[in-house]
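Heads up: the structure comes next, in structure tokens.
The values are calculated or read from the model by the stated rules, or taken from the named source; none is laboratory data. Given the structure is predicted, the values throughout are model-derived calculations rather than measurements. Using ideal geometry, Cβ is built from the backbone for each residue, glycine included, and neighbour counts are taken over all protein chains shown. Calculation scope for accessible area: heavy atoms of the full protein, side chains included, ligands and nucleic acids excluded. Shrake-Rupley method; radii C 1.70, N 1.55, O 1.52, S 1.80 Å.
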Amino acid sequence: MPMPPGTKKLAHSLLTALADGAPVADAYHPDAVWNGAHPYGTVSGAGAVAAIWNDLRRALPDMERRDLIFVGSENRDDPRLKAPRAPHLVAAIGHLQGTFAADYLHIPATHGVVHLRYAEAHYLDRDRIRESWVMFDLLDLMRQAGAWPLPPSLGQEGMWPGPATQDGLRLQDSTASDSLETVFKMHAALLAFDGRDLNSMPHADYWTDRFMYYAGSGIGMTRGLAGFRAHHQIPFLTAFPDRNARGHFIRIADGPYAVTGGTVFGTHSGEIMGMPATGKVVDVKVMDFYRLDPQGRIAENWLPIDVPGMAHQMGYDIFARLRHYRGHPRRTL
């Protein structure tokens with residue numbers, strides 16, 4: 001179903017107002033669903049969504065929303081998923097910037113400026129949001145607060161930059177693009193791995209030579225194929241040699257941008273981020289935001305990923321470790 005005219009502008013206005021303190025009921029339907037990464041989970045109803053926002057507002061009382069990418073279009077089908085599907089979606093990445101004035105989820109307040117990274121998708125039904133998918137990079141907030149709970153990341157940690165072309169805010173109505181077709185071909189190439197040789201995956205055909213890969217905290221940023229392989233691909237394949245995808249809840253294209261998102265799963269067969277193999281099948285929530293260059297190759301890729309949720313399934317409770325650091329250790333079995 002095509003996206004109704006004006007949807008992106010309306011969504012941007014509603015979300016900006018939320019960060020500025022507007023009532024959640026102004027943005028969400030009373031029976032809306034909000035799907036969050038760990039430790040939030042899925043909540044239903046505008047009241048439950050308001051509780052999440054109230055906690056955020058206490059932590060960042062002067063917050064403002066800083067979008068790096070804001071796109072939207074018809075949501076393409078994924079035959080792997082049989083559940084009802086949002087017909088169109090808007091999606092965004094950016095930061096909630098403000099003074100970290102009160103502890104948040106046991107992350108200690110710094111009383112200085114922080115940038116809480118977000119990745120979002122929203123389904124607008126008429127004038128309000130019916131369903132949201134939201135990932136906050138809480139690991140990155142821990143890093144800014146000096147409470148890092150993992151070994152050092154292999155990639156470079158830091159604040160994500162926006163697109164090099166500075167055209168990520170696409171609020172005007174636009175026609176469909178073929179950006180997703182390149183992304184689908186690249187995904188197919190990644191899944192061609194023969195289990196032995198990295199060159200069995202011809203995904204480099206779809207990237208520029210100096211592409212930037214901005215992965216979520218715990219992985220970090222990399223550059224080019226050599227950096228991608230060293231700092232992310234090899235560690236992830238070692239940890240999850242049989243990794244696959246359950247399907248995308250979002251598949252949208254907007255000009256040179258494309259967004260996909262869903263769940264990657266695999267058997268935890270090797271060490272990752274200092275966590276030894278458990279043999280468990282682990283689900284990992286991810287989203288991917290892509291910018292293609294004028295020749296149709298991927299120049300930049302932002303990868304929000306639910307590392308705390310992945311670790312929790314492996315028996316590594318990042319938030320329990322954080323509470324322990326702060327003087328609230330577990331005292332019973």
Subject >> Listing of strands (runs of 3 or more DSSP E) fully contained in region 42-155 that carry 2 or more residues being modelled with pLDDT of 95 or more and closer than 24 Å to Leu169 by Cα >> reply: 64-74, 88-99, 113-125, 128-136
**OP:** Would you confirm whether any residue within region 119-127 is under 22 Å from Pro23 (Cα atoms) and free of Cβ contacts under 8 Å to residues at least 60 places away in the same chain?
**Re:** yes
Subject >> Residue list for region 229-250, restricted to those being polar (S, T, N, Q) and either open to solvent by less than 10 Å² (accessible area, probe 1.4 Å) or under 30 Å from Leu169 (Cα atoms) (or both) >> reply: Gln233
Original post:
What residue, of Leu322, Leu292, is within 22 Å of Gly158 (Cβ to Cβ) and in contact (Cβ under 8 Å) with a residue 40 or more places away in the chain?
Top reply: Leu322
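What residue, of Ala258, Ala299, Ala253, is closer than 21 Å to Glu181 by Cβ, crowded, with 19+ Cβ neighbours inside 10 Å and touching an Asp or Glu at 6+ places or on another chain (Cβ under 6 Å)?
Checking each option against the conditions leaves just Ala299.
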**OP:** Go through (1) open to solvent by 60 Å² or more (accessible area, probe 1.4 Å); (2) at pLDDT 95 or above; (3) within 21 Å of Ile252 (Cβ to Cβ) one by one and return the number of the condition Pro2 breaks.
**Re:** (2)
Subject >> Number of the condition not met by Pro308 [criteria: (1) surrounded by 16 or more Cβ atoms within 10 Å (Cβ to Cβ); (2) within 25 Å of Phe184 (Cβ to Cβ)] >> reply: (2)
Original post:
How many residues, within region 149-194, are in contact (Cβ under 8 Å) with a residue 60 or more places away in the chain and at positive phi?
Top reply: 1
Original post:
In this structure, is Ala25 open to solvent by less than 70 Å² (accessible area, probe 1.4 Å), more than 24 Å from Val307 (Cα to Cα) and part of a helix (DSSP H, G or I)?
Top reply: yes
Subject >> Residue within region 281-291 that is touching a His at 6+ places or on another chain (Cβ under 6 Å) and open to solvent by 10 Å² or more (accessible area, probe 1.4 Å) present >> reply: no
Subject >> Given (1) within 19 Å of the chain's Cα centre (by Cα); (2) surrounded by 19 or more Cβ atoms within 10 Å (Cβ to Cβ), index of the condition Gln313 fails >> reply: (2)
Subject >> From Gly220, Gly195, residue being touching a strand residue (DSSP E or B) at 6+ places or on another chain (Cβ under 8 Å), closer than 28 Å to Pro152 by Cα and either among the small types (Gly, Ala, Ser) or open to solvent by less than 30 Å² (accessible area, probe 1.4 Å) (or both) >> reply: Gly220
Original post:
Do you know which residues across region 131-190 are among the charged types (D, E, K, R), open to solvent by less than 70 Å² (accessible area, probe 1.4 Å) and more than 16 Å from Met221 (Cα to Cα)?
Top reply: Glu131, Asp167, Arg170
Subject >> When residues of region 189-230 are limited to those that are in a strand (DSSP E or B) and among the basic types (Lys, Arg), the one nearest to Ile272 (Cα to Cα) >> reply: Arg223
